[in-house]
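The values are calculated or read from the model by the stated rules, or taken from the named source; none is laboratory data. Note that the structure is predicted; figures quoted are calculated from it, not measured. Every residue, glycine as well, gets a Cβ built from its backbone with ideal geometry; the counts of neighbours run over all protein chains shown. Areas reflect the complete protein model, heavy atoms only, side chains present, ligands, DNA and RNA absent. Shrake-Rupley method; radii C 1.70, N 1.55, O 1.52, S 1.80 Å.
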Amino acid sequence: MKNLITLALLLAFTFVDAQKTNLNVSESLEYKDKVKSTGVLTIHTTDNGLTGIVRESKRDILFDVFDNSLDKKHSLVIESDKKERYIGEVVYGDEIKVFTVFSPKAKERIVNCHSFNIKSGSHSKKKLFEVTVAKKRFLFGNRQDRETSLGISPNGKYLAMATDNIYKDVNDYAIRVFNAKTLELLFTKSYQKHEEKYFKHNDISINDNGDVFVLGKLYKEGKREKKKGEANYDFILNKITETSNKELSISLADQHIKNLGITIVDSKLHLIGFYSERNSGRIKGGCNFIIDSENFSIASKNNYELPINVYEDLFGDKRGSKKKNKGKELTNFYIDYILEDSQGNTYLLAEEFYITQTYVSTGMNGGYWQTVYHYDDILILKFGASGNLDWGRSIFKRSTAPSYNAFLKNDELHVLLNSGKNLLEKKDGRTKVSKGWFESSSLYDIVYDNAGEVIYSKIQDNKGKTFYLPFYGTYQDGKFIMMSSGRKKRQFMILQ
């Protein structure tokens, strides 16, 4: 019986012969942490090869500096409070700015900035502002919303911060613009103030002149996504300066969009994301709204259905064609990365995320509910510099933790993740990227060229070696650096 099952499995799939990665792989020496950290907040490599890493523990924020060989040169532990919460960071040049919000009382919020200079190893903390919020109101959205509330101008001069409403009966939102070097507040501007209408922030961008572009949804009535089958919101783009606040409404015709992200190509703003014909939780295809930032007007609106390759990668050759022809829409995808190459092309990557609960019986004593987080398939769309959709692909993946990272090198897209030791090519043409129960794991580099052709390459088999976490990696000047797992012993892998 066992032999029959084995034979059936072999007939159902074959192993993918992954080639060795063409990236140069090296590892740093192992070191030990003095303080156990619970997570990596950010990693940044400077032009002169120094790498700064910011992590958090239960009571501290940890700042480390590593040299070009990733040997630790400096370490700093800054005490924090259990009521101090990380909200984001910006990086420019040799400096990482980490922002936190401290809630000493139920309605009191203090926003701080930790400035860490990687070159000198120096740290300073400055209070940016303090506000009183209404009961059960948040100054910033939840970190899991994957929304951006911070932005720094390309020249590093200006810093913008978007905050949510703080009043009980009025929806009111604010933009604060700071001098990025001195952290001096330059101006505060209120926007999207309504007694009834609710505004949901999506993204923020600030240019070299200090002009702030804020993108979000303005709901027509309440907070429901749909009303009588139609979208109950318009997307609103605000252009905010110290002296003006312009508003551009982007109405949707027979579309539903969960969120949009801002990219800038040739002085034009591209608002890109996914659209659906049913509801905002589904995906029919990609959309690109091109905004002329000088005239502050809509230059074009473009919708593109998901290409057949997306369906075939996820469902196989025959099922993929059927689902494409029937207008199958994907669900539960969240935007993770918006990457731009040297030719002005934009890559949009999203991961499928959902939660399930199962009841686990413990016999006579009853049982308990077990929550499982699913980080599954990856969806990839490439938009050309003109805004058209060049191609789309997907990765048929299964995981229970955030697992992947992506970067562009020589205008090729690299997707790094850990999977089973052997990738499985199913009979229907799909390549499954997942790890079996009793299978060891391997670290993979999945590479897409300009035309969307894919190559599966292996970096290492993890058995007996250090296990690295691509999700917490960073790419800078042709080099991707990622940290190993573990609470005290650490090591780095460098890909270049």
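Among residues belonging to region 202-219 that are among the polar types (S, T, N, Q) and within 24 Å of the chain's Cα centre (by Cα), point out the one that is most open to solvent (accessible area, probe 1.4 Å).
Asn207
Which of the residues belonging to region 80-101 are over 23 Å from the mean Cα position of the chain (by Cα) and open to solvent by 50 Å² or more (accessible area, probe 1.4 Å)?
Residues satisfying the conditions are Asp81, Lys82, Lys83.
Among the numbered conditions (1) within 30 Å of Thr45 (Cα to Cα); (2) surrounded by fewer than 14 Cβ atoms within 10 Å (Cβ to Cβ); (3) at pLDDT below 90, tell me where Gly366 comes up short.
Going through the list (1) within 30 Å of Thr45 (Cα to Cα); (2) surrounded by fewer than 14 Cβ atoms within 10 Å (Cβ to Cβ); (3) at pLDDT below 90, Gly366 breaks only (1).
In region 280-324, which residues are surrounded by fewer than 17 Cβ atoms within 10 Å (Cβ to Cβ), out of contact with any His (no Cβ under 9 Å at 6 or more places or on another chain) and of a type in the set (Gly, Ala, Ser)?
Ser297, Ala299, Ser300, Ser321, listed by residue number.
Looking only at region 440-466, which residues are in contact with a Ser or Thr (Cβ under 6 Å, 6 or more places away or on another chain), of a type outside the set (S, T, N, Q) and not in a strand (DSSP E or B)?
Looking only at region 440-466, we keep the residues that are in contact with a Ser or Thr (Cβ under 6 Å, 6 or more places away or on another chain), and these are 444-445, 457-459, 461-463, 466.
Restricting the remaining residues to those that are of a type outside the set (S, T, N, Q) gives 444-445, 458-459, 461, 463.
Correct list: Lys463 only.
Across region 436-457, what is the total count of residues that are within 15 Å of Tyr404 (Cβ to Cβ) and open to solvent by 20 Å² or more (accessible area, probe 1.4 Å)?
The qualifying residues number 2.
Are there any strands (runs of 3 or more DSSP E) wholly within region 365-415 with 2 or more residues that are farther than 16 Å from Ala350 by Cα, and if so which?
Hits in region 365-415: 367-383.
Which condition does Asp234 not pass, out of (1) touching a residue at least 40 places away in the same chain (Cβ under 8 Å); (2) out of contact with any Asp or Glu (no Cβ under 7 Å at 6 or more places or on another chain); (3) in a strand (DSSP E or B), if it passes all the others?
(1)
Tell me, which residue of region 6-35 that is part of a helix (DSSP H, G or I) and small (Gly, Ala, Ser) is modelled with the lowest pLDDT?
To start, the set of residues in region 6-35 that are part of a helix (DSSP H, G or I) comprises 6-12.
From what is left, the residues that are small (Gly, Ala, Ser) are 8, 12.
On the way: Ala8: 45, Ala12: 50.
Ranking the qualifying residues of region 6-35, first place goes to Ala8.
Working only within region 237-279, note down all residues that are among the hydroxyl-bearing types (Ser, Thr, Tyr), open to solvent by 10 Å² or more (accessible area, probe 1.4 Å) and more than 23 Å from Tyr191 (Cβ to Cβ).
Tyr275
Checking the structure you have, find out if any residue of region 418-435 is small (Gly, Ala, Ser), surrounded by fewer than 18 Cβ atoms within 10 Å (Cβ to Cβ), part of a strand (DSSP E or B) and touching a strand residue (DSSP E or B) at 6+ places or on another chain (Cβ under 7 Å).
Among the residues of region 418-435, not one is small (Gly, Ala, Ser), surrounded by fewer than 18 Cβ atoms within 10 Å (Cβ to Cβ), part of a strand (DSSP E or B) and touching a strand residue (DSSP E or B) at 6+ places or on another chain (Cβ under 7 Å), which makes the answer no.
Do we find a residue being assigned to a loop (DSSP other than H, G, I, E, B), more than 23 Å from the chain's Cα centre (by Cα) and closer than 24 Å to Arg55 by Cα anywhere in region 467-485?
no
So which residues in region 63-73 are in contact (Cβ under 8 Å) with a residue 24 or more places away in the chain and crowded, with 16+ Cβ neighbours inside 10 Å?
Phe63, Val65, Phe66, Leu70, Lys72
Would you be able to tell me the number of residues in region 325-338 that are open to solvent by less than 50 Å² (accessible area, probe 1.4 Å) and in contact with a Ser or Thr (Cβ under 7 Å, 6 or more places away or on another chain)?
So the count comes out to 1.
In region 198-229, what residues are basic (Lys, Arg) and either at positive phi or not in a loop (DSSP other than H, G, I, E, B) (or both)?
Lys200, Lys217, Lys226, Lys227, Lys228
For region 110-130, give me the residue count where each residue is part of a loop (DSSP other than H, G, I, E, B) and surrounded by fewer than 16 Cβ atoms within 10 Å (Cβ to Cβ).
The number of residues fulfilling the criteria is 3.
Within region 140-173, restricting attention to residues that are basic (Lys, Arg) and modelled with pLDDT under 95, which residue is farthest from Leu215 (Cα to Cα)?
Within region 140-173, the match that is farthest from Leu215 (Cα to Cα) is Lys168.
For Ser69, are the conditions met, namely being small (Gly, Ala, Ser) and more than 19 Å from Asp477 (Cβ to Cβ)?
no
Applying the selection to region 167-201, what residues are of a type in the set (Ser, Thr, Tyr), under 13 Å from Leu218 (Cβ atoms) and open to solvent by 40 Å² or more (accessible area, probe 1.4 Å)?
The answer is Tyr198, and nothing else.
If we scan region 353-371, do we find a residue that is under 25 Å from Thr400 (Cβ atoms), in contact (Cβ under 8 Å) with a residue 24 or more places away in the chain and not charged (D, E, K, R)?
No, region 353-371 contains no residue that is under 25 Å from Thr400 (Cβ atoms), in contact (Cβ under 8 Å) with a residue 24 or more places away in the chain and not charged (D, E, K, R).
Wholly within region 274-358, which strands (runs of 3 or more DSSP E) include no fewer than the required count, namely at least 1 residues that are at pLDDT 95 or above and small (Gly, Ala, Ser)?
285-292
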